[in-house]
Amino acid sequence: KLQRKKFEESQIKDATINYTKLLGTIRNSEKEITSDQYKNKIPKLMADKKNANDKIKSNNQTIDELTEVITEKSSSLKNFGFETRQDIDTIKIETEKIFNEYIELQNTIKRATKIAGNILTLISGFALGILNSIFLMVAYPEISNDLNITEVIGTFEHYNFILKLFPIPPFILIILFYTISLILFISGILNLIKNAQSSRTIDDMALVLSEIFNHQIGSNLVNSSTFMDFNEHIADMYDLVDDIENSNEKINELKQENEKLIDMLETYSREIDEQKRLQYEVEQKVSKINSLKEDAEKLKKYITFNEDVQKEIDSVNLSIDTLTELSQKVKVMFGTYVNEAASQYLSGISNGLYNSLNVDNTLNVTINTNNRAVPIEQLSAGTMDQIYLSLRLAVAKIINGNNEILPLIFDDCFALYDNTRLKNTLLWLSKNYKGQIIIFTCHTREQEILDEEGIEFNNITI
């Protein structure tokens, strides 16, 4: 029991509990550092940041290229006097208006009477007016008399029949002819004036159109073909404006994209800093986990040590249980078997000095003499050792029964024997015990007695 207590005191308390707790802490920490929160995203963030920077550089390069295109095309527009779409609209509308009016005037002149026709109309009106005057003087001679041209008018009297052809008074017919003559005369004059004005207007328009066409397409000709070339040129100008507007729109889009990319770069930088902090935290946790694992290994060794100690304790408990069980058996058997066998062995070992011993139910040992029973405490140490040897041999015989004889092992058991007791014991053992006997001793007395008595033995010196 003292040995068990010593073993129990040597055990490391709570080693298993602490080891289990430590393993739980290690598992939780390892699970934590392998979670998405601590996943190393720095490589991806760095790649994304590089891609964003490359995209910004590419966008800036594209912006520069588009700016050069805009500058070049704006210069082309300025060479033709344009800066905006409205400028092109203005020149296009004005030119179309002038050209349409120009064509319309040309068509008007063509539809109107030609100059010769207008002069003929003017002469016809004038001639009709003179002829009508002659008819007037023929019809009314008093007028020619007043004018002293009677003789001249007399040459036209044979035309008087013309007036008689009309069933109306002569003065009405004469008024009608005067009216027709006046209309023809005025019409001729007006047509001549109108043609002259239209010609001047057409010349002015042609001059304006010629300047426009010359500036825009390098041609002084004013015709439909040139106007078509002008329209194609204007379409090219619109294309330039479209290209400039598209380029400006693209530049704005790229600048907006760059602003978003710059915001993303700031976000990436913050996330990278946060990732670095988390990775540093992971390193600290890994270091702590390694330290905990070292502690766990120590506790594991303690547990192994405790298990080994527990095996010793279990062995001790088994010995105690066995001894307790044997004690119960001995209590029953000691009265008869142990006492008889031990008395027989004690008589042989003591060379007949003591013939009887008794072990009661409380395991108290007494020696029976002729006069009285002597307690073992009152005997010498050598006698006590002889009694204990007799008891062990008796118990061994009872335990072994009829089985194969077991060897006897003596580990310096005869230290308190004097030479006589030792000689008697060795002689008795050699004659009465048929099994193997092993004696461990640091003395030479046993070897000397065995040699002296001629008892065979094997000597092994360690």
What pairs can you find where one residue is in region 50-75 and in contact (Cβ under 8 Å) with a residue 24 or more places away in the chain, the other is among the aromatic types (Phe, Trp, Tyr) and in a helix (DSSP H, G or I), and their Cβ atoms are less than 8 Å apart, with a gap of 6+ or different chains? ALA52/TYR268
With the first residue restricted to region 360-371 and required to be farther than 11 Å from SER343 by Cα, and the second required to be of a type in the set (Val, Ile, Thr) and modelled with pLDDT under 75, Cβ contacts under 8 Å at 6 or more apart or on different chains are LEU363/VAL330
Among all residue pairs at least 6 apart or on different chains, which show Cβ distances below 7 Å where the first residue, located in region 302-328, is aliphatic (A, V, I, L, M) and the second is surrounded by 12 or more Cβ atoms within 10 Å (Cβ to Cβ) and at pLDDT below 75? VAL309/PHE7; ILE313/ARG4; ILE313/PHE7; ILE313/GLU8; VAL316/GLN3; VAL316/ARG4; VAL316/PHE7
Out of TYR268, TYR280, I need the residue that is exposed (fewer than 14 other Cβ atoms within 10 Å of the Cβ) and in a helix (DSSP H, G or I). Which one? TYR280
Could you check ASN40 against (1) free of Cβ contacts under 8 Å to residues at least 40 places away in the same chain; (2) outside any helix (DSSP H, G or I) and say which number it fails? (1)
Restricting attention to region 376-386, does a residue exist that is at pLDDT below 80, of a type outside the set (A, V, I, L, M, F, W, C), more than 30 Å from ASN18 (Cα to Cα) and out of contact with any Leu (no Cβ under 6 Å at 6 or more places or on another chain)? no
Out of all the residues in region 406-423, is one or more under 27 Å from THR324 (Cβ atoms), of a type in the set (A, V, I, L, M, F, W, C) and loosely packed, with under 13 Cβ neighbours inside 10 Å? yes
How many residues are surrounded by 13 or more Cβ atoms within 10 Å (Cβ to Cβ) and either β-branched (Val, Ile, Thr) or touching a strand residue (DSSP E or B) at 6+ places or on another chain (Cβ under 6 Å) (or both) when one looks only at region 334-367? 15
First in region 4-24 and closer than 11 Å to ASN306 by Cβ, second anywhere and surrounded by 16 or more Cβ atoms within 10 Å (Cβ to Cβ) and of a type in the set (Ser, Thr, Tyr), Cβ under 8 Å, 6 or more apart: ILE12/TYR302; ALA15/TYR302; TYR19/TYR302
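The values are calculated or read from the model by the stated rules, or taken from the named source; none is laboratory data. These numbers were taken from a predicted model, which means no experiment stands behind them. Counting neighbours? That spans all protein chains shown, and the Cβs are built from the backbone with ideal geometry, glycine included.
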